[in-house]
Amino acid sequence: MIKKIIIFVALFFFIQNPTYATDVVKVDNLAISSAWSRASTGIERPSAIYLSITNNSSSYERLTAAHTDTAKRAELHRHSMDNGVMRMRQVDTVEIPPSSTTMLRPCGFHIMLFNLKSLLRAGDVFPVSLTFEKAGKRIVMVHVAGVGSNKTHKKSTNN
């Protein structure tokens, strides 16, 4: 009997803790994984979300928007080199070619968060809604890593 109670309590905490939530969200032929962000150093400073999107279909898909209640505004952005200077620009879409994985990562495509509503702390988890041209909307949980992290959260398989 005690063994059953211990198993029940362990399962209850495992299911209730979003840190242990699945890392892969599937929508149509897309698999979204390893969503992470860095802990913020100030509420006025922007933050960013990084993740991987695998397109298992034979046609192009596009990420067209992102939204989270964690910030007043979320925008799709890309870093690029311009005459030897790294620049960041807002983009309308992120292309996801067929049969490939597109990674939103530091110094590449990413989702910028402006006017955070509260500090992001290492270990936190928050939702982001992603809108795709064909696949529609899907909510993904974002894991918050340390301030200087260049890697995904500890459960992630993509570094």
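The values are calculated or read from the model by the stated rules, or taken from the named source; none is laboratory data. Remember, predicted model here, so these are calculated numbers, not experimental data. Neighbour counts run over all protein chains shown; Cβ positions are idealised from the backbone, glycine included. SASA here: full protein model, heavy atoms, side chains in, ligands and nucleic acids out. Shrake-Rupley method; radii C 1.70, N 1.55, O 1.52, S 1.80 Å.
For ALA66, the requirement of being within 21 Å of ALA31 (Cα to Cα) and touching a residue at least 24 places away in the same chain (Cβ under 8 Å) is met.
Only one of (1) open to solvent by 60 Å² or more (accessible area, probe 1.4 Å); (2) at pLDDT below 95; (3) over 15 Å from ASP69 (Cα atoms) is not met by ARG138, so which one is it? So the condition that ARG138 fails would be (3).
For PHE13, the conditions (1) at pLDDT below 75; (2) closer than 23 Å to GLY136 by Cβ all hold with the exception of (2).
For PRO106, are the conditions met, namely being modelled with pLDDT of 95 or more and not aliphatic (A, V, I, L, M)? It is false that PRO106 is modelled with pLDDT of 95 or more and not aliphatic (A, V, I, L, M). Of the residues making up the range 64-97, those that are in a loop (DSSP other than H, G, I, E, B) and in contact with a strand residue (DSSP E or B) (Cβ under 6 Å, 6 or more places away or on another chain) are THR68, THR70, VAL91, THR93. Report whether or not ILE111 is open to solvent by 50 Å² or more (accessible area, probe 1.4 Å) and in contact (Cβ under 8 Å) with a residue 60 or more places away in the chain. No. Screening the candidates THR131, THR93 for the property of being open to solvent by 40 Å² or more (accessible area, probe 1.4 Å) and among the hydroxyl-bearing types (Ser, Thr, Tyr) yields one hit, THR93. For the range 21-37, the condition of being at pLDDT below 50 and open to solvent by 60 Å² or more (accessible area, probe 1.4 Å) holds for at least one residue.
Going residue by residue through the range 75-90, is there one that turns out to be within 19 Å of MET141 (Cβ to Cβ) and open to solvent by 20 Å² or more (accessible area, probe 1.4 Å)? No, the range 75-90 contains no residue that is within 19 Å of MET141 (Cβ to Cβ) and open to solvent by 20 Å² or more (accessible area, probe 1.4 Å).
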